[in-house]
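Written out below as structure tokens is the structure these notes cover.
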Amino acid sequence: MVPEPKLLVPGPTPVPQAIFQAMITPMVAHRNAETVELHHRIVQGLQSLWSTEGPVILQSSSGSGALEASIVNACARGDRVLAVSAGAFGERFGTIATRLGMDVDWLRFPWGEATPADDIAAALRQKDYQAVLLIHNETSTGVLHPIPEIARAIRSLVPVIVVDSISGTPSVPTDIDPWGVDMVIATSQKGFMMPPGLGLVGLGREAQKHFRGEPSLYFDFGPSTTGQFHYTMPVSMIFALAKSVELLEEEGAETRYARHRLMSEMVCAGSAAMGFTVLGDMTRQSPTVTVIAPPDGVSNHDIRNFSHRHGLDLAGGIGQWADRALRVGHVGATGPLDMLMAINILELSLATVGNVPVDGRGSAAALKVWERHVKETEVEPVKA
Ligand SMILES: Cc1ncc(COP(=O)(O)O)c(C=O)c1O
């Protein structure tokens, strides 16, 4: 038997069987009362997940399409926009705005740093901007940016705060109205544990008041805020999303956040014990992806290829870190056991391509993190 390849990249992530099962529900007419009702229920679930009274838009596109849609709804062509970047996805978001004809100013920080609230506020005070583009979880550097702190510092300085949380939410806290942000963008293939193809945008309670866009027919949020698709709904993805929201609710937000945090800590401890360098601000490590560099003289590409040949897909570095980094994904339906698998394959890779003897120090360090977590969280001893 050939084992199924394991996927530990920061999206797409493994899809639970229950979600695949939901996707093969027989096709329905997308304007049936039952389908419209299902859509409403999903939107309510997402409003609760994201703590917002504003509408939630679902659209058939990848995350990038939802980023594009967020800009064309918030801004008119030529509007001034501040793009905050400390990695590949910050660059991508600003580039999307530039291609759409916005007047983009860049506020760039070194890769791996967290974007500082005070500097963003200072930049916004310099000119009148219609929108600021922020990244919540920078998937290229493994840094979780402090969006609540940033939002507090800039709320009064700019009409529309747009947050790309594509690899963040719902694996990390995302509270739209309490944070005072206007748009949070997500996608199906990460924390929602679905195949790629659905973009999600949560709007803040007051967000639409500040929109100036004249979007294309397809990307217009206006009709969607009434709670229906204004084109043919990707019905199978909607069935999948209904199941995904159900699974997320069943697990509960706090348990989910703790699971992702635990995996991050395991990968950090395990890889550091083996001589990898954990990249990105250590005080702002992402709960969904860890970015590491192998010891000197060992190629990240060789490790990734070795790991792939042995059945486990890790992601490579991107952008500035393409020839330096490896990325271990712990987003979506992944757990601590998966992290032990990742650490073990890294150790075996290092032994093979880097000539470092295998002695289990990576998994020992990761297990210690897991042990501490179990002791702290499991009050009842498990009975035989
Ligand atoms: C932070 C971030 N933004 C944007 C994107 C682009 O999303 P998509 O590939 O779904 O278009 C990604 C994909 O990895 C991402 O991680």
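No lab work stands behind these numbers, since they all come straight from the coordinates. Quick caveat, the model's predicted, so the values are computed rather than measured. Cβ atoms come from the backbone with ideal geometry, glycine included; neighbour counts cover every protein chain shown.
Some points to look at:
- Those trypsin sites (Lys or Arg not before Pro) in region 284-334 that DSSP places in a loop and that have at most 14 other beta carbons within 10 Å: none
- Residue exposure sequence - 175, 182, 79, 296 - by fewest surrounding Cβ within 10 Å: 296, 175, 79, 182
- Annotation: lysines with alpha-carbon distance below 24 angstrom to residue 243 (same-chain offsets under eight excluded): 6, 190.
- Residue exposure proxy: 23, 339, 237, ordered by other Cβ atoms within 10 angstrom of their Cβ from fewest to most, comes out as 23, 237, 339.
- Seen against the Cα atoms of the chain and their longest principal axis, helix 235-251 is set at about 60 degrees.
- Within the chain, the longest segment free of exposed loop sites, counting GluC sites (Glu not before Pro) that fall outside DSSP classes H, G, I, E and B and have at most 12 other Cβ atoms within 10 Å, spans 54-377.
- Built amide H within the under 5 Å cut-off of residue 313, gap 5+: 6, 7, 8
- Relative contact order for region 224-355: 23 percent, from Cα pairs under 8 Å spaced at least 6 residues apart, divided by residue count.
- Computed about the Cα centre, the dipole magnitude for region 252-377 is approximately 220 debye when only Lys and Arg (+1) and Asp and Glu (-1) carry charge, each at its Cβ.
- If R0 is taken as 45 Å, the Cβ-Cβ distance between residue 155 and residue 21 corresponds to a FRET efficiency of 0.60.
- Unit charges on C-beta of K, R, D, E only; dipole of the chain, Debye: 300
- Only Lys, Arg (+1) and Asp, Glu (-1) charged, at Cβ; region 73-170 dipole about Cα centre in debye: 240
- Projecting the Cα positions of 300, 288, 320 onto the charge dipole of region 252-377 (unit charges on Cβ atoms of Lys, Arg, Asp and Glu, taken about the Cα centre) puts 288 furthest along the positive direction.
- Neighbour-count order for 192, 20, fewest beta carbons within 10 angstrom listed first: 20, 192
- Positive contributions from Lys and Arg (+1) and negative ones from Asp and Glu (-1), summed over other residues with Cβ under 13 Å from the Cβ of residue 177, come out at -2.
- Think of it as helices only: each DSSP H run of n ≥ 4 in the chain is worth -39500 (n - 2.57), and spread over all residues that comes to -13000 deg cm²/dmol at 222 nm.
- Only Cα pairs under 8 Å and 6+ residues apart enter the sum, and on that basis the relative contact order of the chain stands at 22 percent.
- The residue among 148, 23, 65 whose Cα reaches farthest toward the positive pole of the charge dipole of the chain, with charges on the beta-carbon of Lys, Arg, Asp and Glu, is 65.
- In this label model, residue 226 and residue 113 are separated by 4.8 nm, measuring between points 7 Å along each Cα→Cβ vector.
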